[in-house]
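Enquirer: Let me give you the structure first, and then I'll get to my questions.
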Amino acid sequence: MRKSFRWLLCTAALIVMLAIIAGLYGQQRWHAVKQANGITALDWKGLGIARTGITLESLTLQQALPNGEQRALTAQGLRLDTHSLFSPLPLRSLHIDHLLIAIHPGEPQAATAASDSIDPAMLQQWAAWIPEQGTLPDIALELPCATGQCRESLALHWQHGGQELLPVEIELTAQRDMHSLTLAIQAVPSQVADLQVDARLSLDGQPRIFLHNLITSGPERWTGSMTMGSLPEAPWLLAWLSPWLPQVPQALPSLPEQMHMVASWALDQPLRGTDSLSGEANLDLALPEYWPLPGLGLLKGNLNARIQGRDGLWLPSSLSAALAWQPPPSLLEQLPPDTRPSELTLDVTPQVQPEAPGTLPLYVQLRSKGNLDLRLDSALQLHTTAPDYRLDLQDGQLRLSAGNLAILDHRLNALAGTLRFNASIDREKAELRLTDGSNLTLGKVNASDWSGEKLHLKLKDAQLLAALQPTTPEGPVITLQASPELSVQKLSHTALKPQGWQWQGKLQAHDGQVALQGPLSNDAGLGLQLKVDRSPTGVLAVTADMQEIFFRAGNPLSGSFSDWPQTLALDNGRLNAKARLDWSPTADMTASLQLDAKGLAGIYARSELSGLDIAAQARLSGQALRVEDARLNLQQLNVGFPIGPLRWQGQYQATLQKPAAGHLQWQTAETRLLGGHLWLDAGDIDLAASEQRLALHLEGLQIPELLRAYPAEGLAGTGIIDGNARLRSSAAGYSVDQGLLSAREPGGILRFRSAKIQALGQSNPAMKIVAQALDDFHYSRLDSDVRYDERGKLQLGLRLHGNNPTLEGGRPINFSINLEEDIPALLTSLQLSDRVSETIQRRVQQSLQRDKTAP
């Protein structure tokens, strides 16, 4: 007895332990299921369990999806009857007194691809759980709609034949504002098919739409028809549906009795997906006024079509249409707002049937209303004989026009164009050829930094080919060839002078590879040979070779670029330039410019230049700018007296953000000056610094050349001058703090024979001795301190030691003379003489006149 009691006790303890473990595991699994499905609440009340079913007073289920969507289901008075709880299938009946289904939307999610095939076995498994009878007299739906949240009241009743399902009867009724919609569906076995499904839609109790279907399983075939006669209930039906539609007609249909639709179809293998679907269908549609189509907008007009399908390819065997369509905004979101049509009209007219079978000739007219007006007219021939399916468009014409358009950051005005074309499409390729007369014109285009007037584009020899088979992940392989000609009567940009530009060339594109080349020119005579290449990976290469410029014939650079210095005028010489730009989405942009100028001559500011040769190579890599192996040779610079030849050779480095604040380095910087040699030591300077200091050297300056250049009356002399100076450059200008000039041994002669000095000596004995001494002064020493400030004031502390052989037996005489000269004023006086060209003289006179009239 004790052993039996212990065994029972142990068994009971084991069962309790297993129950606890199972409960804990079940609870854990339930939490996992709730979390995986976003279930936030599941409550029920008044659960009743009987031998033949269950009852619930209420059931509440709430769900929160990751995108923020909220779902709720509330059922009251639920009763599910079964034959037995231990063998529930098939379920006998379901009754729910009140059912509320509410969905509040969250953030939109990208649509996921769904299979277009249906598994009949899965459908049969689901059907086994449908009760034989169902009654839901009060269903409330709260769903997202076009106006926010909408509520509908429904009633649902069904009945089917048990395990075999057939026959099936379903009735769904919706009611609002004293009106009702009733959908009645009946499915029964048929003598001519496995299944016959009939449906009827009644409006306020009046049958309006009829649907008849016959479905067979061996082989799979679905035939059916749908008929809609007049629809006098259209006004209140449209008012009912309008909150659910994103787009509704502005006016209710006025002729609902003329509306009708008749459709019929016979489909083979309907459950295997659209790729293998075959069969035929007919449609006869008449909509005298706009009628909403869910997701497609508003449609009106007439359509009569018969289409045939084979292995997923459906083509019309007869077609006529006169349709007007107002698309919903959601379908046009990818287009710029000003190009979105408000209405599209399509007219398809059958043509005379050809003798060749399997062809369908049509004439198509398509019109678009909106800011952009499109008109398409084309003869169309459809070849419907397998396997040579083909669509030909012959003598097509697309005309477009617009008064004002905004596309991205561009404003277009007076757009007009005509595209004449022939096209062909088959299962492997699509081909489009533009014919003569294809062009596009624009009255004006405005962008943020440029504008153009009277643009004209000719599309010559244009051919577009798209390979449709085999397809690639990026889509069809597209090939384009054309010989476009583009001209603009007036192109305006901050860097350019307004004028006409022209380009013509070749355009080729294939599978993401684009090549464009041809000459670009403008009205000023500037010519560039352009070449643009873009790789499929987005790498861009642009080269531009400038047509050689001969400045004797004119200066197209000054006529093209706004930043060309107004004071620089070139009238001789030639210039060559080449440029290249390379851009990659994964690397820094690089660019190069090569300049080669020979024999340039002209005027810069108040100076004449001649024999100027320039050679330089500039390179840009990312933000780094570098000018390499720059060479400048100037035969002569005339500022009122000649300077030159001048030579400079060096390099320059800077950044693109601050191109003028870089590092300048030179190996040679020298010039001939008044018979002497003036130069800078090889070195470098930082232009970003507040000031720069340079060592300036002078050697062999000829005093006779200096005195010929300096307009001093009665002064002549001989000798050679050498010197050094520290030149300082800053934002204020140039200056010299410490400079020293000295005459080379053995000295020279200075003769100053001025009537003014002699007259002064008659009244001043001291000045008489000075005048006599300078009449023929033989100096053995001449030196001077040099100072020059940013205002252009030159100060010389001149010291002379020598004698006049004819004065007092050649007694030695020392002079200390302080001289001051306004160099800009001196140059002005020189430039008003006949030492420079008349152009420079006029510039000087105009500058002096402006200075006089300036406040």
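Enquirer: Sort out which residues of region 191-222 are under 19 Å from Gln269 (Cα atoms), surrounded by fewer than 17 Cβ atoms within 10 Å (Cβ to Cβ) and not acidic (Asp, Glu), and write them in order of number.
Expert: Filtering region 191-222 for residues under 19 Å from Gln269 (Cα atoms) gives 192-197, 212-222.
Next cut, surrounded by fewer than 17 Cβ atoms within 10 Å (Cβ to Cβ) only: 192-194, 212, 216-220.
Listed by number, the residues that qualify are Val192, Ala193, His212, Thr216, Ser217, Gly218, Pro219.
Enquirer: Being acidic (Asp, Glu) and part of a loop (DSSP other than H, G, I, E, B), is that true of even one residue in region 531-547? Quick ask: steps written out before the conclusion?
Expert: Looking only at region 531-547, we keep the residues that are acidic (Asp, Glu), and these are 533, 545.
With part of a loop (DSSP other than H, G, I, E, B) added as a condition, the list becomes none.
Taking every residue of region 531-547 in turn, none turns out to be acidic (Asp, Glu) and part of a loop (DSSP other than H, G, I, E, B).
Enquirer: Filter region 145-172 down to the residues that are surrounded by 13 or more Cβ atoms within 10 Å (Cβ to Cβ) and in contact with a helix residue (DSSP H, G or I) (Cβ under 7 Å, 6 or more places away or on another chain) and list them by number.
Expert: Within region 145-172, Cys145, Ala146, Cys150, Leu165 meet the criteria.
Enquirer: I need every pair where a residue in region 382-399 that is touching a residue at least 60 places away in the same chain (Cβ under 8 Å) and within 13 Å of Ser424 (Cβ to Cβ) has its Cβ under 9 Å from the Cβ of a residue that is acidic (Asp, Glu) and assigned to a strand (DSSP E or B), sequence separation at least 6 or different chains.
Expert: Note: pairs meeting the criteria are Leu382/Asp392; Tyr389/Asp426.
Enquirer: Look through Arg427, Arg420 and report the one residue that is surrounded by fewer than 17 Cβ atoms within 10 Å (Cβ to Cβ) and of a type in the set (Lys, Arg). Lay out the reasoning, then the answer.
Expert: Numbers: Arg420 fails: surrounded by fewer than 17 Cβ atoms within 10 Å (Cβ to Cβ).
Every option except Arg427 fails the conditions.
Enquirer: Same structure, new question: Suppose we filter Leu595, Leu609, Leu575 for residues that are crowded, with 17+ Cβ neighbours inside 10 Å and closer than 30 Å to Gly538 by Cα; which single one remains?
Expert: On the way: Leu609 fails: closer than 30 Å to Gly538 by Cα; Leu575 fails: closer than 30 Å to Gly538 by Cα.
Only one candidate qualifies: Leu595.
Enquirer: Something else: If only one of Ala732, Ala695, Ala725 is in contact (Cβ under 8 Å) with a residue 24 or more places away in the chain, over 19 Å from Leu800 (Cα atoms) and touching a Gly at 6+ places or on another chain (Cβ under 7 Å), which one is it?
Expert: After ruling out the rest, the residue left standing is Ala725.
Enquirer: Sticking with this structure for a sec: Which condition does Ser780 not pass, out of (1) modelled with pLDDT under 90; (2) surrounded by 12 or more Cβ atoms within 10 Å (Cβ to Cβ), if it passes all the others?
Expert: (1)
Enquirer: I'd like to check something: does region 788-804 contain any residue that is closer than 30 Å to Ile685 by Cα, in contact (Cβ under 8 Å) with a residue 60 or more places away in the chain and in a loop (DSSP other than H, G, I, E, B)?
Expert: yes
Enquirer: Further, regarding this structure: Please specify each residue of region 165-199 satisfying the condition of being in a loop (DSSP other than H, G, I, E, B) and within 30 Å of Leu238 (Cα to Cα).
Expert: Just the residues of region 165-199 that are in a loop (DSSP other than H, G, I, E, B), to begin with: 165-167, 177-178, 189-194.
Answer for region 165-199, where residues must be in a loop (DSSP other than H, G, I, E, B) and within 30 Å of Leu238 (Cα to Cα): Asp177, Met178.
Enquirer: Name the single residue that is surrounded by the most Cβ atoms within 10 Å (Cβ to Cβ) among those in region 658-684 being among the polar types (S, T, N, Q) and closer than 17 Å to Pro645 by Cα. Talk me through it step by step, then tell me what you get.
Expert: Within region 658-684, the subset among the polar types (S, T, N, Q) is 665, 667-668, 671.
After this cut, where a residue has to be closer than 17 Å to Pro645 by Cα as well, the list is 667-668, 671.
On the way: Gln667: 10, Thr668: 13, Thr671: 18.
Ranking the qualifying residues of region 658-684, first place goes to Thr671.
Enquirer: Another one. Identify, from the list Ser487, Ser483, the residue that is under 24 Å from Phe421 (Cβ atoms), over 23 Å from the mean Cα position of the chain (by Cα) and hydroxyl-bearing (Ser, Thr, Tyr). Steps first, answer last, please.
Expert: On the way: Ser487 fails: over 23 Å from the mean Cα position of the chain (by Cα).
Answer to the selection: Ser483.
Enquirer: Of everything in region 52-99 that's assigned to a strand (DSSP E or B) and among the hydroxyl-bearing types (Ser, Thr, Tyr), which residue is modelled with the lowest pLDDT? Show your work before the answer.
Expert: If we filter region 52-99 for residues that are assigned to a strand (DSSP E or B), which is where we start, we get 53-64, 70-82, 91-99.
When the remaining residues are screened for being among the hydroxyl-bearing types (Ser, Thr, Tyr), the result is 55, 58, 60, 74, 82, 93.
Details: Thr55: 90, Ser58: 92, Thr60: 92, Thr74: 92, Thr82: 86, Ser93: 89.
Step by step, filter region 52-99, then rank; the result is Thr82.
Enquirer: When region 607-661 is examined, which residues are found to be over 30 Å from Arg552 (Cα atoms) and among the aromatic types (Phe, Trp, Tyr)?
Expert: Tyr652
Enquirer: Select from region 637-657 the residues that are surrounded by fewer than 16 Cβ atoms within 10 Å (Cβ to Cβ) and outside any strand (DSSP E or B) and list them in ascending order.
Expert: Matches in region 637-657: Leu656, Gln657.
Enquirer: What is the one condition in (1) closer than 28 Å to Leu287 by Cβ; (2) surrounded by 17 or more Cβ atoms within 10 Å (Cβ to Cβ) that Leu415 does not satisfy?
Expert: In the conditions (1) closer than 28 Å to Leu287 by Cβ; (2) surrounded by 17 or more Cβ atoms within 10 Å (Cβ to Cβ), Leu415 misses (1) alone.
Enquirer: Tell me whether region 512-520 contains one or more residues that are at pLDDT 95 or above, at negative phi and over 22 Å from the mean Cα position of the chain (by Cα).
Expert: Yes.
Enquirer: Which one of Ser483, Ser521 is without any contact (Cβ under 8 Å) to a residue 60 or more places away in the chain, crowded, with 16+ Cβ neighbours inside 10 Å and under 26 Å from Val445 (Cα atoms)?
Expert: Working: Ser483 fails: crowded, with 16+ Cβ neighbours inside 10 Å.
Going through Ser483, Ser521 in turn, the sole match is Ser521.
Enquirer: Can you name the number of the only condition in (1) surrounded by 14 or more Cβ atoms within 10 Å (Cβ to Cβ); (2) within 25 Å of Gly77 (Cβ to Cβ); (3) not assigned by TED's automatic domain parsing to the domain that holds Leu80 that Gln175 fails?
Expert: Result: Gln175 fails condition (1) only.
Enquirer: Right, here's the next one. Of the residues Leu285, Leu299, Leu319, Leu303, only one is modelled with pLDDT of 85 or more, crowded, with 16+ Cβ neighbours inside 10 Å and in contact with a Ser or Thr (Cβ under 9 Å, 6 or more places away or on another chain); which? Give the steps one after another, and end with the answer.
Expert: Values: Leu285 fails: in contact with a Ser or Thr (Cβ under 9 Å, 6 or more places away or on another chain); Leu299 fails: in contact with a Ser or Thr (Cβ under 9 Å, 6 or more places away or on another chain); Leu319 fails: in contact with a Ser or Thr (Cβ under 9 Å, 6 or more places away or on another chain).
From the options Leu285, Leu299, Leu319, Leu303, the qualifying one is Leu303.
Enquirer: Any residue at all in region 539-555 that is over 23 Å from Glu608 (Cβ atoms), among the acidic types (Asp, Glu) and either modelled with pLDDT under 95 or under 19 Å from the mean Cα position of the chain (by Cα) (or both)?
Expert: Let us first name the residues in region 539-555 that are over 23 Å from Glu608 (Cβ atoms), namely 539-548.
This time we only want the ones that are among the acidic types (Asp, Glu), so: 545, 548.
Now narrow it down to the ones that are either modelled with pLDDT under 95 or under 19 Å from the mean Cα position of the chain (by Cα) (or both): none.
No, region 539-555 contains no residue that is over 23 Å from Glu608 (Cβ atoms), among the acidic types (Asp, Glu) and either modelled with pLDDT under 95 or under 19 Å from the mean Cα position of the chain (by Cα) (or both).
Enquirer: Kindly provide the set of residues from region 752-769 that are surrounded by 15 or more Cβ atoms within 10 Å (Cβ to Cβ) and not in a helix (DSSP H, G or I), ordered by number.
Expert: Correct list: Phe752, Ser754.
Enquirer: Further question on the same structure: All but one of (1) hydroxyl-bearing (Ser, Thr, Tyr); (2) under 20 Å from Ser560 (Cβ atoms); (3) within 24 Å of the chain's Cα centre (by Cα) hold for Ser448, so report the exception by its number.
Expert: (2)
Enquirer: Please go through (1) touching a strand residue (DSSP E or B) at 6+ places or on another chain (Cβ under 6 Å); (2) in a strand (DSSP E or B) for Thr216 and return the number of the only condition it doesn't satisfy.
Expert: Here Thr216 meets the rest and fails (1).
Enquirer: Here's another thing I want to ask about it. Restricting region 359-405 to residues that are among the acidic types (Asp, Glu) and assigned to a strand (DSSP E or B), which is surrounded by the most Cβ atoms within 10 Å (Cβ to Cβ)? Give the steps one after another, and end with the answer.
Expert: To start, the set of residues in region 359-405 that are among the acidic types (Asp, Glu) comprises 373, 377, 388, 392, 395.
Okay, now just the ones that are also assigned to a strand (DSSP E or B), so 373, 377, 392, 395.
Details: Asp373: 16, Asp377: 15, Asp392: 19, Asp395: 11.
Top of the filtered list is Asp392.
Enquirer: Being modelled with pLDDT of 90 or more and either aliphatic (A, V, I, L, M) or under 30 Å from Glu69 (Cβ atoms) (or both), is that true of even one residue in region 113-134?
Expert: yes
Enquirer: Given the conditions (1) surrounded by fewer than 16 Cβ atoms within 10 Å (Cβ to Cβ); (2) at pLDDT below 95, and given that Leu570 satisfies all but one, which numbered condition is not satisfied?
Expert: (1)
The values are calculated or read from the model by the stated rules, or taken from the named source; none is laboratory data. None of these values were measured; they are calculated from a predicted model. All Cβ positions, glycine included, derive from the backbone under ideal geometry; neighbour counts span all protein chains shown.
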